[in-house]
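Read the structure below first, then the notes.
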Amino acid sequence: MSTHATTATSTGDTITGVIGGAGSPSLKVLWVLAHPEARSLNGALRDEGLHTLKELGHEVRESDLYAMNWNPLVSAADYGLAPRERLIVGAESERAHAAGTLPEDVRAEQEKIAWADVLVFQFPLWWAGVPAILKGWFDRVLVQGFAFGLTAPDGRVRRYGEGGLGGKRALVITTIGARASAFGPAACTATPPRSCSPCCTASCGIPVSPRCRP
């Protein structure tokens, strides 16, 4: 069996352990992939993961960001502002979300998130962080008023378990293309990617599976 096939099979086993095997309740899973090559190890991991989920009776949708040619850039045009107008991203994204005027690609991703019970984020570790295309997905999709910054009836800002995406779960799958010594305690890449970490997702109300925490 090839290395890709062996690793992909272990990914299927991990998914079974985290999301649930045969006999578990059916869940809706959104798989967000940030890798440009479908024939890569990451492609094999994604294929095996989706196959396993479907075999177990779960519903699956996918956001393959490179295949979608996802635009990762936040711009004034996202919020209907003219280039000369000052852009205050938090306030303008919240206003556009409330008005239903966010770009169609952003609203489509938010609809997928609202549908899902579980979010799977899969990416290679590049320069000790997530690929820019995935970071841009976070920036454009997880906007104030949708994923965070919501206000409770008593006036409190809802955080963590009460965040905008509360009740969902997340699974992070990442690959590293370097020797183990490059990721030891003294290495510059020793710190896990914080832009897709328990801190990032928990701020929106989503706990990350303990088996996948850095």
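The values are calculated or read from the model by the stated rules, or taken from the named source; none is laboratory data. Quick caveat, the model's predicted, so the values are computed rather than measured. Here the Cβ positions follow ideal geometry from the backbone for every residue, glycine too, while neighbour counts run over all protein chains shown. To get the accessible areas, we keep the full protein, side chains included, count just its heavy atoms, and leave off ligands, DNA and RNA. Shrake-Rupley method; radii C 1.70, N 1.55, O 1.52, S 1.80 Å.
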If TRP126, TRP70 are ordered by their accessible area, calculated over protein heavy atoms with a 1.4 Å probe, which sequence runs from highest to lowest?
TRP126, TRP70
Counting Lys and Arg as +1 and Asp and Glu as -1 over every other residue whose Cβ sits under 14 Å from the Cβ of GLN110, the net charge comes to -2
Cα-based Rg then Dmax for segment 30-177, in Å, read 16.6, 52
With r as the distance between the Cβ atoms of TRP115 and LEU87 and R0 = 35 Å, compute the FRET efficiency 1/(1 + (r/R0)^6) and round to 0.05.
0.75
Cα coordinate range in segment 59-104, projected on the principal axes (Å, largest first):
40, 21, 15
Whenever you get a sec, line up ASP139, ASP64 from highest to lowest accessible area (probe 1.4 Å, protein heavy atoms).
ASP139, ASP64
Quick one: how many Å² of THR174 are accessible to a 1.4 Å probe, rounded to 10?
60
Sites GLU104 and ARG179 - FRET efficiency at Förster radius 35 Å, r taken between beta-carbons, to 0.05
0.20
